[in-house]
Amino acid sequence: MPQSDIWTEKYRPLLFDQLLGQQEIVKRVRSLVQAMNIPHLLLAGPAGVGKSTLALIIVKELFGDQWRENYLELNASDERGIDVVRQKVKDFARTKAIANIPFKVIFLDEADALTKEAQQALRRTMENYANTCRFVMSCNYSSRIIDPIQSRCVIFRFKLLEKKDVAVVIRRIAEAEKLTISEEAITQLYEASEGDCRRAVNLLQATASVSPDITPDMINMISAKAQPKDMRVVLDYALAGDFTNSRDKLLDVMLTESISGEDVIKAIQKEIWNLQIEPEIKVRLTEKTGETEFRMTEGSDEFVQLQALLASFVLAGQGKAT
Amino acid sequence: MPLEPQTPNPQSPEPPPPQNQYPQEPPTPNQQNPNPATLEPTPSQNQIPNTPYQPFAEKYRATSFSSLVGQDTAIETIKDFIQNFPKTKKRALLLHGPAGTGKTSIALAAAKEFDLEVLELNASDLRNRAQLEERLKPASQQQSLFKNKGKILLMDEVDGVTGSDRGGIPELVRLIKETKHPIIMTCNDVWQSKLSPVRSQSQLIELRPLSTQTIAALLTKVSLQESIKENQHFLNQIAIKSQGDIRAALNDLQAYASGDNPLDPDVDEKRDVEESIFNILKKIFKDRDDVRNLFDSSSLSLDEILLWIEENTPREYHNEALAKAMLALANADRFRGRIYKNQSWRFLVYQNLFQSNGISFAKPAPLDGFTKYERPKRILKIWLNNQKIAKKKTLAQKLARHTHTNTKRALKDINLLKPVLQQTQVQEQLRLSDDERAFLEK
């Protein structure tokens, strides 16, 4: 591993035993790896719970020092189109594995970002190269993976990490980096990162870059800085009846901070319950929010859908529901 | 489906030369070399780059892989195909996609890169069975006239093989099975039933419409080379209007630039378009009427009109009317999404209804007064922003690779990790460029 001063890398677990919070999965994967033959795997679960880490541990266990020659990491959402994926897969699979193991491993991150058509194409690729390649795929929602692929994989569902697991990681890093951190600060880190270990560690490192003395306030400040912070401003404009400013601000935030409509909707959904409006209207707005989120996953234009939602907030500001 | 003949097709009017052998120029790095792409050894080859009457679309036809923009995937596939031929799974390639995405250019560029002779037949040639057999079959079997030179057979616009080209498709299929040279075909709609026998014999490559940014960047380059007074906003408008059709964009650019007053935003045609859209908006927003046929006469597409309505609704409507109108627009957009996703063109009816009557009837009563409508700003803003965050993107890619995650995630992480990324040793580990370092200092 090239040395890294980014803590998510520096402290990434290297062994099965170090992977926290997913004991059941680790037990089963370990026995597969010990047999030196893994099936295609589908790792499903939220971000930052150890999917990529498990994939890395698998290849390191399988190939030892030669893991890098036998492992290809692909990002479904980064690679433009399935054709690129296929081409890379082909190039990679064409040569035999160098180690004692007759196959190589391809890690396809965010497989649920692939369209249905691309997944169909991938399914053929998986079959064509089944002898020389094993696919380890990760996704947030296994429901977005087509059945034929699911049926070709062993599926592991990752749980959201519990506080005690994240706390272990934090303490280990704090000790190695000589940080002082209180129990409250750990709680704060966990809450701000919502069980996403990558985010917790990033947040810890960002805070530590200011001072080795980690306090809940500091964490709050740093995490608020990186939040889609202006979402409240967007909503406040809308509630005050100023639709135009509200949507201009929204577009601004989305563009300059490069956050997706999905992030915006998540922030809005949380923010609704902090607003000074009738609870009944909050329920109606939540319903609208859910519908908007669904439409975005369906392939509608994020900004047009969000504007319709903002218009509902304008009404909510006047005590009216749509 | 967009139709091809928006552009003067230099190949159409002339019959192909008797021998069908196109004397290929030696590969040259000169990318401005005009028109090496056409079949005819026409005077076009001798034209100097600044000949005023040559269509930009031909003059700036990409002639090498490096000058083809926005189609990297397709290029990789075609390279792979030609290099591995005849050991490829399929013996023919079928490039498909809407007009102006570079299907023919890619095929011709491939020929050039690999120094292959091109034998081209396009829609202007009769392509019935006898013709194909007579002209292509020998070619598909023989060696090239030029020693050591390979050959590719280019069947342009195969969807144009029509009823009058009797037996054309079965003969084509037979040719594909026997050919000793790679066959490359192009078409717009690959899923028509008549092409199904060809489809099963070919490797398909889809060319997607080019992004507005890609087109705008190319237009900027061309305006520079043509010394057209450049107005980025206007170039963007042309790019947006082209909807991914690079040829249409270049034609528009040339049309506007040929006036005495290059790229004056008040060019007549454009003014017409704007006048018509202003009238449309006025009708929708002021009247409370059945306006479902209103868009029929407009030269703008429904999607463009949707953007105009999106921009201007809050200038007209407030409160309930605004909420209703935005909801109608969201519904129109939802059907737009479904059309694109499933090619369910039937849903156009719904998109149309929601964005016409849905908007008009959102208000309780007709409005009067004058409203100044504005041109949609969103796409321009997105474009400008993309230019601005280009550095951040490459930075995110490096961070993503380094920390085993995806670019989307890394983009978010950058906000949090900025102080960490400013550390020298981290920058070295990530191999950041000077530009990227500078971005972090901001």
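The values are calculated or read from the model by the stated rules, or taken from the named source; none is laboratory data. Since we're looking at a predicted model, the values are computed, not measured. When we count neighbours, we look across all protein chains shown, and the Cβ atoms used for this are built from the backbone with ideal geometry, even at glycine. Surface areas here come from the heavy atoms of the whole protein model, side chains and all, with no ligands, DNA or RNA. Shrake-Rupley method; radii C 1.70, N 1.55, O 1.52, S 1.80 Å.
Just a few scattered comments:
Rundown of residues vs (1) within 13 Å of chain B (Cβ to nearest Cβ); (2) open to solvent by 40 Å² or more (accessible area, probe 1.4 Å); (3) without any contact (Cβ under 8 Å) to a residue 40 or more places away in the chain, yes/no style:
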| site | (1), (2), (3) |
| --- | --- |
| A:V234 | no, no, no |
| A:N245 | yes, yes, yes |
| A:E257 | yes, no, yes |
| A:L275 | no, no, no |
| A:P279 | no, yes, yes |
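- Filter result (within 12 Å of another protein chain (Cβ to nearest Cβ), buried (at least 21 other Cβ atoms within 10 Å of the Cβ) and touching a Lys or Arg at 6+ places or on another chain (Cβ under 8 Å)) within region B:72-94: B:T73
- Condition check for A:G317: small (G, A, S) and within 22 Å of B:L306 (Cα to Cα): no
- In region B:351-373, of all residues being assigned to a loop (DSSP other than H, G, I, E, B) and of a type in the set (G, A, S), the one that is farthest from B:M326 (Cα to Cα) corresponds to B:G369.
- Residue check, B:L348 in a helix (DSSP H, G or I), away from chain A (no Cβ under 11 Å) and open to solvent by less than 50 Å² (accessible area, probe 1.4 Å): no
- Test: residue in region B:36-45 that is among the polar types (S, T, N, Q), closer than 27 Å to B:K221 by Cα and either in a helix (DSSP H, G or I) or modelled with pLDDT of 80 or more (or both): yes
- Region B:284-299, residues that are assigned to a helix (DSSP H, G or I), modelled with pLDDT of 90 or more and open to solvent by 10 Å² or more (accessible area, probe 1.4 Å): B:K286
- Among the residues of region B:427-442, those identified as open to solvent by less than 20 Å² (accessible area, probe 1.4 Å) and under 33 Å from the mean Cα position of the chain (by Cα) are B:L432, B:E436.
- Qualifying residues in region A:168-200 (those that are open to solvent by 10 Å² or more (accessible area, probe 1.4 Å) and closer than 13 Å to A:I6 by Cα) - the one farthest from the other protein chains (Cβ to nearest Cβ): A:E177
- Checking each residue in region B:415-426 for being part of a helix (DSSP H, G or I) and either surrounded by fewer than 19 Cβ atoms within 10 Å (Cβ to Cβ) or facing chain A (nearest Cβ under 7 Å) (or both) picks out B:N415, B:L416, B:L417, B:K418, B:P419, B:V420, B:T424, B:Q425, B:V426.
- Total residues in region A:5-52, condition within 13 Å of another protein chain (Cβ to nearest Cβ), polar (S, T, N, Q) and within 17 Å of A:R172 (Cα to Cα): 1
- Residues within region B:53-66 that are open to solvent by 20 Å² or more (accessible area, probe 1.4 Å) and at pLDDT 80 or above, tallied: 3
- Of all the listed residues (B:L307, B:L281, B:L302), the sole one being open to solvent by 10 Å² or more (accessible area, probe 1.4 Å) and under 22 Å from A:D242 (Cα atoms) is B:L307.
- If you filter region B:361-412 down to residues that are within 7 Å of chain A (Cβ to nearest Cβ) and among the β-branched types (V, I, T), you find that the one that is most open to solvent (accessible area, probe 1.4 Å) is B:I382.
- Near pairs, Cβ below 6 angstrom, 6+ apart or cross-chain, from region A:192-214 (within 19 Å of A:A267 (Cβ to Cβ)) to any residue that is basic (K, R): A:S193/A:R199
- Any hit, region A:204-211, residues being outside any helix (DSSP H, G or I), within 14 Å of chain B (Cβ to nearest Cβ) and of a type in the set (V, I, T): yes
- Set side by side, the residues A:E280, A:E287, A:E291, A:E191 differ, and just one is of a type in the set (D, E), within 30 Å of B:E320 (Cα to Cα) and within 24 Å of the chain's Cα centre (by Cα), which is A:E291.
- Condition met for B:I382 (in contact (Cβ under 8 Å) with a residue 40 or more places away in the chain and either part of a helix (DSSP H, G or I) or under 29 Å from B:L235 (Cβ atoms) (or both)): no
- Scanning region B:329-345 for residues that are open to solvent by less than 10 Å² (accessible area, probe 1.4 Å) and farther than 18 Å from B:Q243 by Cβ, we see that the one that is farthest from the other protein chains (Cβ to nearest Cβ) is B:L329.
- Helices (runs of 4 or more DSSP H) wholly inside region A:241-322 containing at least 1 residues that are among the aliphatic types (A, V, I, L, M), more than 23 Å from B:I359 (Cβ to Cβ) and out of contact with any Pro (no Cβ under 6 Å at 6 or more places or on another chain): A:243-256, A:261-271, A:279-297
- Among (1) within 9 Å of chain B (Cβ to nearest Cβ); (2) open to solvent by less than 40 Å² (accessible area, probe 1.4 Å); (3) within 26 Å of A:K225 (Cβ to Cβ) - the single one A:L239 does not satisfy: (1)
- In region B:109-125, the condition of being open to solvent by less than 20 Å² (accessible area, probe 1.4 Å) and within 14 Å of chain A (Cβ to nearest Cβ) is met by no residue.
- Among the conditions (1) away from chain A (no Cβ under 12 Å); (2) part of a helix (DSSP H, G or I); (3) of a type in the set (S, T, Y), B:T101 misses just one, which is (2).
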